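Chemist: Just passing along the structure, written as structure tokens.
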Amino acid sequence: MAHAPLWTLDPTASLSTEQERLLTNIRSLPTTAELHVARLSPDADSLLQLGSSVVLTVAPGRAVIAAGQDVTRRGPSDVSWSGAIENEFGHVSLVLTTIGVTGSLQSVARESLVHASYRIAPLGGGLQAISCVDPSRFPPD
């Protein structure tokens, strides 16, 4: 069964001054280990349904498939969507608004037990920032 991508990485996206500012702010966070720009699917609202599975590409060569298990729809392009990651231990939580998608993705690959954590933030204009979080960079308690 084919799964639709919620976004696709777009390393050559033309960014506005405001989008560049937002990316600079995300890049400057001490926990940001890797950062990519992605273009949100124009069908994002219709893809985020209960039971639907979507492809979430978080880095070149790294994508997961997640299935919607908990969905709250408040209106067009206003939905909270979360679910488990297929074939891995992990979970995704996303909120779609007219600005874009905000969310997080936590996964542990079954074969290697490598943990990965990602933040998703809207940049506007259909673009998203996908950042890999390095937990070792969090300040001590």
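Chemist: May I have the extent of the alpha carbons of segment 7-66 along their three principal axes, as whole Å values ordered from largest to smallest?
Modeler: Its Cα atoms span 36, 23, 19 Å along the three principal axes.
Chemist: With the full set of protein chains in place, find how many percent of the accessible area of the chain is carbon and sulfur; take the probe as 1.4 Å.
Modeler: Heavy-atom surface of the chain belonging to carbon and sulfur, 1.4 Å probe: 57 percent.
Chemist: At 1.4 Å probe size, with every protein chain present, just tell me what the per residue accessible area of segment 1-139 comes to in Å².
Modeler: Per-residue accessible area for segment 1-139 comes out at 52 Å².
Chemist: Hey, another quick one. When averaged across all projection directions, what area in nm² does the alpha-carbon convex hull of the chain cover?
Modeler: 9.2
Chemist: Ignoring everything except DSSP H segments at least 4 long, calculate the 222 nm mean residue ellipticity for the chain; use -39,500 (n - 2.57) per segment, divide by total residues, nearest 500.
Modeler: -3000 deg cm²/dmol
The values are calculated or read from the model by the stated rules, or taken from the named source; none is laboratory data. None of these values were measured; they are calculated from a predicted model. Heavy atoms of the whole protein, side chains included, go into the accessibility calculation; ligands, DNA and RNA do not. Shrake-Rupley method; radii C 1.70, N 1.55, O 1.52, S 1.80 Å.
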